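Down below is the structure, laid out as structure tokens.
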Amino acid sequence: MADIGVISEILYTTQKKCSIYINEQFAFALYKGELSRYNLKEGSLLSEEVYREIAVLLLKRAKSRSLHLLNARPYTQKQLSDKLQTNGYPKEVIEQTMEYVKSFGYINDNAYVEQYISNHSAKKSMREMKEKLLQKGIKRDVLETYMETFAEEQDDTYAIKALLKKKRYSPVDATVEETRRIYAYLARKGFRYDDIHKVLQVSDWNT
């Protein structure tokens with residue numbers, strides 16, 4: 001079998017864990033005791049056979065790590081991929097792990113969007129939720145479909161009222177400056193001016 005490349009550096013990131021660099025590029029992370037198991041040393045060649053053995057170990061470890069993370073809270077595919085990359089798993093291992101968790105329904109970006117909207121629509125504008133979900137790695141075309149449906153069903157004025165109550169703001173007692181700050185705050189949260197104005201101008205907005 002052909003060689004993968006030269007182990008150019010073994011960098012200890014903790015007392016027990018180290019990063020392995022092949023041909024000057026980061027390849028994967030292993031525990032200290034595993035270096036001797038696979039006879040990994042700086043300057044030595046890494047064979048394809050040994051690399052495959054390591055990949056099997058890392059895949060098993062990545063699956064276990066993913067299930068542990070998902071048991072604590074939901075993740076989008078991008079969030080979990082980024083987490084595994086930070087933990088030192090190579091690209092091909094991450095891709096196989098994603099296929100594994102998706103096959104069992106442990107990760108479902110569509111379900112994540114639905115749950116996020118359900119949990120946050122009472123206090124976030126559509127624009128703010130969209131920006132947050134994009135940051136979490138939800139694809140724009142998937143998000144647009146859900147947002148269109150949500151826009152038809154949701155009235156942002158409810159979320160505005162909830163935020164005003166949380167801030168103990170009353171349009172009856174507020175000064176001009178306080179009202180100006182509230183407008184600016186709600187605008188930064190992504191609410192439309194018309195919706196803000198409608199809430200602040202209604203005398204029974206507390207209902």
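Does LYS102 count as closer than 20 Å to ALA72 by Cβ and either surrounded by fewer than 16 Cβ atoms within 10 Å (Cβ to Cβ) or out of contact with any Ser or Thr (no Cβ under 9 Å at 6 or more places or on another chain) (or both)? Judged against the criteria, LYS102 is a match. Applying the condition of being at pLDDT 95 or above and polar (S, T, N, Q) to the stretch 48-75 and asking which residue is nearest to GLN115 (Cα to Cα) yields SER66. Here are the criteria: (1) in a strand (DSSP E or B); (2) within 21 Å of GLN85 (Cβ to Cβ). Tell me which single one GLU34 does not satisfy. (1) is the only condition that GLU34 fails. Residues in the stretch 71-81 that are surrounded by 15 or more Cβ atoms within 10 Å (Cβ to Cβ) and part of a helix (DSSP H, G or I): GLN77, LYS78, GLN79, LEU80, SER81.
Within the stretch 27-56, being under 13 Å from GLY5 (Cβ atoms), without any contact (Cβ under 8 Å) to a residue 40 or more places away in the chain and surrounded by fewer than 15 Cβ atoms within 10 Å (Cβ to Cβ) holds for GLU42, GLY43, SER44.
Residues in the stretch 135-158: is at least one among the polar types (S, T, N, Q), surrounded by 14 or more Cβ atoms within 10 Å (Cβ to Cβ) and in a loop (DSSP other than H, G, I, E, B)? Scanning the stretch 135-158, I find at least one residue that is among the polar types (S, T, N, Q), surrounded by 14 or more Cβ atoms within 10 Å (Cβ to Cβ) and in a loop (DSSP other than H, G, I, E, B), so the answer is yes.
The values are calculated or read from the model by the stated rules, or taken from the named source; none is laboratory data. Source: prediction; values computed, not measured. Neighbour counts run over all protein chains shown; Cβ positions are idealised from the backbone, glycine included.
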